[in-house]
Amino acid sequence: MPRTPLIVGMSAALAGVLAAAPSAPAARESVPVFPAGAQQQVIDVVLSNTASHPRIGLPDFVVGARATALGEMAVTLADVLAYDLDFEREFYIIPRQTSASVPAASTPDTLPFARWTSLGADYVLLGEIQDAAGAVTVTVRMVSVRAASPGKVSWGQTYEGCTPASPRYCAHAIADDIHRTLRGVEGIARTRIAFTSDRAAIRMAGRPTDTAGYGKEIYLMDYDGANPRAATANRSLNLGAAWSPDGQMLAYTTYVSQFPDILVASLFEVRRPTRPGAGDDDVHNMFPAFSPDGSTVAFASTRASRANWDIWVVRRDGTSLRNLTPNTRETDESVPSWSPGGNQIVFTSNRSGTNQIYVMNAADGLGVRRLPATEYKTDRPRWAPAPFNYIAFVTESGAIHDIAVLDLDTMQTRILTDGVGSNTSPTIAPNGRHIAFVTTRWGKEQIAVIDYPDGKRLRRLTDVSHNTYPSWSPIPGR
């Protein structure tokens with residue numbers, strides 16, 4: 001039985017949402033569905049050829065005779081699955097509106113092959129929903145329409161645990177399975193993004209209501225911007241959330257005590273958030289980042305000089321507090337990000353006169369060197385997950401702020417955004433193939449996502465109020 005998730009000290013609304021959140025539909029324990037006795041790993045060479053991009057048709061899922069009430073679920077499954085499969089650019093998904101007039105088929109041998117061939121499809125992804133005594137199962141089959149043997153099922157799977165209340169998550173799980181099994185790609189459809197927003201439009205508490213601004217709370221949303229829900233509700237400033245490597249905790253900066261300090265809150269255990277940096281009126285802590293093993297938090301703090309910022313590390317329980325930049329009393333060091341192996345930390349420093357990005361040993365703060373990113377101001381570095389070897393950051397030239405990446409193999413920099421609006425605060429998807437960031441290109445601060453390494457396929461994730469400080473979660477179960 002899945003654990004009941006809860007964030008103590010965060011919003012009760014989020015606790016209810018998380019408590020009802022589905023576990024991943026059981027797929028690996030299921031058997032391939034067609035033909036009888038076939039092995040799931042028998043994959044058509046065209047599907048698994050990473051140099052090609054098979055054209056996939058995706059009609060509405062068919063509902064069984066006892067599942068007629070699940071028609072809305074069937075449409076949602078197909079719509080979301082089409083978006084998820086298109087997101088990774090491993091397949092070309094024939095637009096569903098283009099194929100809407102193609103007659104439905106519940107079995108491979110009843111597919112209207114000529115109609116799908118005329119649309120350019122190489123394969124059709126058939127989906128069927130069955131309801132047996134209230135137990136819903138979803139079956140998907142990748143059927144060839146062009147090869148020497150039309151109707152051949154190259155991949156098939158049955159999923160248990162899908163429900164009418166969670167069709168999106170079911171579609172996400174199917175998409176991740178398809179990407180991993182057929183293309184060798186870790187899909188991120190089940191991931192989430194934490195971010196800061198003032199969308200609740202509630203005045204901050206503890207200050208005169210005629211001068212207080214709106215509170216900024218931490219929110220969570222699906223990777224595609226759907227299902228936003230509040231994670232905090234303290235009517236203060238909450239920002240810069242960071243996920244633990246197992247996705248079980250969030251660390252974030254809060255001003256709930258009128259000074260910035262870091263809270264670490266569990267998403268699944270009933271316990272009060274902890275304050276590993278122990279901030280107070282004189283000691284301000286911001287910008288937490290979990291180490292890859294989850295045991296340690298790096299953060300920026302003023303505790304050494306009460307004025308300038310240094311990079312500190314502390315174990316999650318508040319012990320072993322250490323300053324990694326003790327000899328920089330006249331400059332500011334902030335916004336740390338760990339390397340995938342946990343042996344280095346990249347950070348921002350103005351020790352050269354303007355903000356630039358530097359890297360140092362995580363164990364002792366030695367080996368500091370400036371990275372040759374650009375000649376302009378740089379900020380907000382984020383280290384990509386393995387096996388990728390790049391750092392995403394913000395480059396500033398005059399009034400222009402863009403998202404750039406530094407290839408650590410070649411030490412070459414590439415600017416990914418187009419100079420439209422202000423583009424800041426990058427966060428990297430856990431498969432390294434996408435970067436979400438804050439942009440003002442639509443007026444207010446909104447969160448968008450682009451692909452790495454070409455910066456293409458700009459997609460808007462938020463459209464309400466101001467939204468900042470995105471942070472991409474790990475892949476569930478990885």
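Every read-out reported here was derived from the displayed coordinates using simple, explicitly stated rules and does not represent laboratory data. Note that the structure is a prediction, hence the values are computed from the model and not measured. Methodologically, a virtual Cβ is constructed for each residue, glycine included, from the backbone with ideal geometry; neighbour enumeration extends over all protein chains shown.
Okay, here's what the table says:
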item	result
Note, ³J(HN,Hα) from phi for segment 427-439, Karplus 6.51, -1.76, 1.60, rounded to Hz, x at Gly and Pro	9, 9, 4, x, 9, x, 9, 8, 10, 9, 7, 9, 9
Set of lysines near Lys377 by C-alpha distance (under 30 Å), chain-local residues within fewer than 8 positions excluded	Lys216, Lys444, Lys456
Alpha carbon centroid spacing (whole Å) that separates segment 114-158 from segment 159-183	15
Segment Ala165-Asn49, extension gain: residue separation times 0.36 nm, minus the distance between their alpha carbons	38.2 nm
FRET E, pair Ser305, Ile400, Förster distance 41 Å, beta-carbon r, rounded to 0.05	0.80
Kirkwood-based shape ratio for the chain, expressed as Rg/Rh from alpha carbons	1.01
Sequence ranges 238-244, 226-232, ranked by mean other-Cβ count within 10 angstrom, highest first	238-244, 226-232
Along each principal axis, Cα extent of segment 192-472, largest first, Å	50, 42, 36
Potential lengthening between Ser101 and Thr319 on full extension [0.36 nm per residue; Cα-Cα distance subtracted]	72.1 nm
Long-range tail of P(r) for segment 206-295 (Cα pairs > 22 Å, %)	31
Segment 342-364-segment 370-406 distance, computed between alpha-carbon centres (Å)	12
Residue-span extension gain [Arg370 to Asn227] - 0.36 nm each, minus C-alpha spacing	47.5 nm
Sequence-distant residues sharing a close amide H with Ile93 (under 5 Å, placed H)	Ile56
Note, ³J(HN,Hα) from phi for segment 167-172, Karplus 6.51, -1.76, 1.60, rounded to Hz, x at Gly and Pro	x, 5, 5, 4, 4, 4
Integer Hz, Karplus 6.51/-1.76/1.60 couplings in order for segment 326-335, x for Gly and Pro	x, 9, 10, 5, 9, 10, 10, 10, 7, 6
Long-range amide H partners of Ile202 with built H, under 5 Å	Gly215
Where labels lie 7 Å past Cα in the beta-carbon direction, separation of Asp407 and Arg441 in nm	2.3
Taking the C-alpha atoms of segment 25-183, convex hull volume expressed per residue in Å³	107
